[in-house]
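The values are calculated or read from the model by the stated rules, or taken from the named source; none is laboratory data. Predicted model only: the values in this text are computed from it and were never measured. Neighbour counts are summed over all protein chains in view; Cβ atoms, including those assigned to glycine, are modelled from backbone coordinates with ideal geometry. Heavy atoms of the whole protein, side chains included, go into the accessibility calculation; ligands, DNA and RNA do not. Shrake-Rupley method; radii C 1.70, N 1.55, O 1.52, S 1.80 Å.
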Amino acid sequence: MTMAKLEVLLFDVDGTLADTERDGHRVAFNRAFAERGLDWRWDEGLYGELLAVTGGKERIRRYIEKTHPGFSGEGDLDEYIAGLHQLKTKHFKQIMAEGRLPLRSGVLRLIGEARQAGLRLGIATTTTPANVTALLGAAIGEEATSWFDVIAAGDIVPAKKPAPDIYLWAMEQLGVEPAQCAALEDSENGIKSVRAAGIPTVIITVNGYTRHERFDGASIVVDQLGEPGEPCEVLSSNRAGTRIVDLALIRALHEAGGC
Ligand code: XBP
Ligand code: MG
């Protein structure tokens, strides 16, 4: 069977474009809790456990259910969580504006290669749309948002990753089939979403929180995309000699049926 031509790269955001979870989202949640007068504090270890739940509002709810089961938030808990999460988004945007969270190694290079080659780019993320704009604006520049033909983010689909919905929504907007796409992800929830959406080619760049997760169906698992002179480490057994994840490699993986 010949594989459909690769037309689109779909990027996850958190953990994939930048290491936003530990020093971005986690800090923003803690600042929102403090601003509300709550003594909740998510340290790095606890946050790693909470990452099993995708979506900030969903994560807060899970924490309340497990750690403060009687907490009702002065009335309507849904409203309380929504308000707290709005504060968290405000803090996340502030942290991004401070500009201390750079893109991961190789991300800007690969985006440039794909644009040069005429591929289309999309984003498929669980995070709030404003966070995506804030990250792209701070780490690249305002123009970067326009490089993406679709930004599928947050509550635009009710079922967040690992459900396939966000990838299905992005592909529908682009008018492409899964076989025309490759996705870049950093987590087990992310790859489950990609694979359930039928996308054959998945590049995984792990981070501290996801390094020991399972990546069944990954085309390749690396520690970073890498740069010339700053090679990636290949963590899966296939393609062991790879030094950099570039468009040529992604095309080769795609033509091989994703693996
Ligand atoms: C990212 C997430 C998000 C962020 C928080 O998952 O789970 O929930 O941690 O974002 P993925 P919000 O990288 O798989 O898309 O607080 O804006 O929901
Ligand atoms: Mg991610």
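Annotations
- Taking (1) open to solvent by 20 Å² or more (accessible area, probe 1.4 Å); (2) part of a loop (DSSP other than H, G, I, E, B); (3) within 13 Å of ligand 1 (Cβ to nearest atom) in turn, Arg61 satisfies each apart from (2).
- Which listed residue is farther than 20 Å from Ala163 by Cα and either surrounded by 15 or more Cβ atoms within 10 Å (Cβ to Cβ) or within 15 Å of the chain's Cα centre (by Cα) (or both), from Ile191, Ile199, Ile204, Ile220: Ile220
- Some residue of the range 114-122 being touching a residue at least 60 places away in the same chain (Cβ under 8 Å), within 16 Å of ligand 2 (Cβ to nearest atom) and either closer than 23 Å to Gln173 by Cα or outside the structural domain of Arg59 (by TED's automatic domain parsing) (or both): yes
- Unmet requirement for Pro102, which otherwise passes all of (1) surrounded by 15 or more Cβ atoms within 10 Å (Cβ to Cβ); (2) out of contact with any Lys or Arg (no Cβ under 6 Å at 6 or more places or on another chain); (3) touching a residue at least 24 places away in the same chain (Cβ under 8 Å): (1)
- Wholly within the range 144-259, strands (runs of 3 or more DSSP E) carrying at least 3 residues that are within 16 Å of ligand 2 (Cβ to nearest atom): 150-153, 181-185, 201-205
- Residue within the range 93-116 that is among the hydroxyl-bearing types (Ser, Thr, Tyr) and within 30 Å of Arg62 (Cβ to Cβ) present: no
- Scanning the range 127-143 for residues that are under 13 Å from Leu17 (Cα atoms) and either part of a helix (DSSP H, G or I) or within 16 Å of ligand 2 (Cβ to nearest atom) (or both) yields Thr127, Asn131, Val132, Thr133, Ala134, Leu135, Leu136, Gly137, Ala138, Ala139.
- Test: residue in the range 39-53 that is open to solvent by less than 30 Å² (accessible area, probe 1.4 Å), part of a loop (DSSP other than H, G, I, E, B), closer than 30 Å to Gln173 by Cβ and more than 16 Å from ligand 2 (Cβ to nearest atom): no
- Residue in the range 17-30 that is part of a loop (DSSP other than H, G, I, E, B) and on the phi > 0 side of the Ramachandran plot present: no
- Qualifying positions in the range 1-38 - within 30 Å of Glu177 (Cα to Cα), within 12 Å of ligand 1 (Cβ to nearest atom) and open to solvent by 50 Å² or more (accessible area, probe 1.4 Å): Asp19
- Considering the conditions (1) in a helix (DSSP H, G or I); (2) more than 25 Å from Ala82 (Cβ to Cβ); (3) of a type in the set (Gly, Ala, Ser); (4) open to solvent by less than 30 Å² (accessible area, probe 1.4 Å), Gly122 is excluded by exactly one of them, (1).
- Taking (1) open to solvent by 30 Å² or more (accessible area, probe 1.4 Å); (2) over 22 Å from Thr89 (Cα atoms) in turn, Ala159 satisfies each apart from (2).
- Answer from Ala134, Ala138, Ala130, Ala179 - the residue that is within 12 Å of ligand 1 (Cβ to nearest atom) and open to solvent by 30 Å² or more (accessible area, probe 1.4 Å): Ala130
- Filtering the range 246-259 to residues that are farther than 12 Å from Ala218 by Cβ and modelled with pLDDT of 95 or more leaves Asp246, Leu247, Ala248, Leu249, Ile250, Arg251, Ala252, His254, Glu255.
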